[in-house]
Amino acid sequence: MDDLNGDFFALLVDESCDVSRKEQLAIVMRYVNRCGSVVEHFIGIVHVRNTTALCLKKAIVDYLAQHSLSLSYVRGQCYDGASNMQGDLRGLKTLIQQESKSAYSIHYFAHQLQLTLVAVSKKFLEVGELVLLVSNVLNIVEGSFKRMNDLRESQAEKVQEALDMGKLETGRGLNQELGLVRAVDTRWGSHYKSFKNFISMFGSIINVLDTIVVDARTLEERAKAKGYLSTCQTFEVAFMLHLMRDILGITNELNTSLQKKEQDLANAILLVEVAKRRSRRKVADYTILHHYRVDIFFKIIDWQVQELNARFNEVTTNLLVGVACLNPVDSFSSFDINKILRMAKLYPDDFDENITVTLKNQLETYIVDVRDVDERFSNLQGLVDLSETLVKTKKHLNYPFVFRLVKFALLLPVATATVERTFSAMKLIKSELRNRMNDEFMSGCLVPYVERKIFNIISDETIMNMFQEMKTRRGQL
């Protein structure tokens, strides 16, 4: 709390059941410290009796109040895509924005993008059948170590044959062994990788299925393998495999970029537009049935564009474009005053009309200073470097409103690693052997475990003094 110094912060919140099937709410705080560095710290875990948005909000408000914090200082939110979190009417995001208008939730773009695009694709019966077929084939092919070995040997033979015929090039990192990727709706890019690898290993998969038809011990397995073998070799399945690989490939680069660190955010903005434009392109006339080209391909693409526009709406895009314009990479090459001012208007409680005029004047002087005069700002690698350098050079005092915008940009969460680490730690702290641990004690154990880098520098004497002062004790610790 001393490091936060009463400044703005962002909330990263997620819920999960512990070993006792009790719903636990993990709360992580993201803020910019006195040195200009952005940090995330796990501050506690709270048991919630139900997962309605009102209940979650009350739990968060009560927990923040214990540390003299309020929602009015929240400038960023990070949740999953559940309706109780992201709902526009009664979701936690909306309830918190009623307290703080500028508490924007943008973090789970990559997660929501994956769920949305896959869900849209599955609206078609043919796509749903394809996903189910690929899953079933993987189940039977991975049914034993022998089958997996047969698959690897068959694939190795085909790669060697292709090398001998000059169809593949040799070199470092080329022709590495592929594995069957199991598609999971919540795993970014898994469907794209699943379809792509299935196509690359198609011949080997057919060989293994053919072997199962002959050698399987049970009639049921032989019948299933024969059915999958016949289905996989139809034109419709082959066409849909290539179609879905290409459709999901359109957004694969965007999906990957959205998981990177903040210095790549500018590229992510460009990739959003690239994905939309690639999706709008009309394909050439192919000698395939009208059903596949118009009734499937065009409809899926149109729905994908609609979802991209919904997820990356005008407010969100202006936020990210403003962040990209503040980025100091390549000597502030993306700097654009008008786009930065549009970003500032999204924070009405922090930039009123008078402050906006002052901000414009500060930006005009600031860019000349940091780009053309002060060499200490050359070769910066991202917004974190910019923030730290502004504090180090005391220029955050010269350009306070510019620095405020930089802080808001840094507060927008870009990763969920801290929350995920908390749930991993929870399984270790509250185990099957310690399943009667109460919630307060579990939270007290989790905080020093997750934030052990901080607690490692605290002396034993400090800890003993703190416990000594908590209540009257018989002896001196």
Residue check, Arg182 open to solvent by 60 Å² or more (accessible area, probe 1.4 Å), in contact with a helix residue (DSSP H, G or I) (Cβ under 8 Å, 6 or more places away or on another chain) and at pLDDT 85 or above
no
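Of everything in segment 317-354, what is of a type in the set (Gly, Ala, Ser), touching a residue at least 12 places away in the same chain (Cβ under 8 Å) and not in a helix (DSSP H, G or I)? Give them in sequence order.
Listed by number, the list holds a single entry, Ser334.
If you check Asp2 against the conditions, is it charged (D, E, K, R) and more than 21 Å from Asp350 (Cβ to Cβ)?
yes
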Looking at (1) open to solvent by 100 Å² or more (accessible area, probe 1.4 Å); (2) under 38 Å from the mean Cα position of the chain (by Cα), can you tell me which one Lys471 breaks?
(2)
Kindly establish whether Phe455 is in contact with a Ser or Thr (Cβ under 9 Å, 6 or more places away or on another chain), free of Cβ contacts under 8 Å to residues at least 60 places away in the same chain, closer than 20 Å to Val38 by Cα and of a type in the set (A, V, I, L, M, F, W, C).
no
Where Arg404 falls short, out of the listed (1) over 29 Å from Glu364 (Cβ atoms); (2) at pLDDT 90 or above; (3) part of a helix (DSSP H, G or I):
(1)
Which condition number in (1) within 26 Å of the chain's Cα centre (by Cα); (2) in a helix (DSSP H, G or I); (3) under 30 Å from Tyr347 (Cα atoms) is the one that Leu397 fails?
(1)
Could you please let me know if Glu375 is surrounded by fewer than 21 Cβ atoms within 10 Å (Cβ to Cβ) and either modelled with pLDDT under 90 or in contact with a strand residue (DSSP E or B) (Cβ under 8 Å, 6 or more places away or on another chain) (or both)?
no
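Results for (1) over 28 Å from the mean Cα position of the chain (by Cα); (2) open to solvent by 80 Å² or more (accessible area, probe 1.4 Å), shown as yes or no for each residue.
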| position | (1), (2) |
| --- | --- |
| Val384 | no, no |
| Leu405 | no, no |
| Glu432 | yes, yes |
| Met437 | yes, no |
| Glu440 | yes, yes |
| Cys445 | no, no |
| Ile463 | yes, no |
Suppose we keep only residues that are aromatic (Phe, Trp, Tyr) and touching a Leu at 6+ places or on another chain (Cβ under 6 Å) within segment 386-403. Which one would you say is most open to solvent (accessible area, probe 1.4 Å)?
Phe401
When Glu177 is evaluated against the numbered criteria (1) open to solvent by less than 20 Å² (accessible area, probe 1.4 Å); (2) at pLDDT below 80; (3) under 27 Å from Lys226 (Cα atoms), which criterion, by number, is the only one it fails?
(1)
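The values are calculated or read from the model by the stated rules, or taken from the named source; none is laboratory data. Because the structure is a prediction, the values reported are computed rather than measured. When we count neighbours, we look across all protein chains shown, and the Cβ atoms used for this are built from the backbone with ideal geometry, even at glycine. Just the protein is used for accessible areas: all its heavy atoms, side chains included, with ligands, DNA and RNA removed. Shrake-Rupley method; radii C 1.70, N 1.55, O 1.52, S 1.80 Å.
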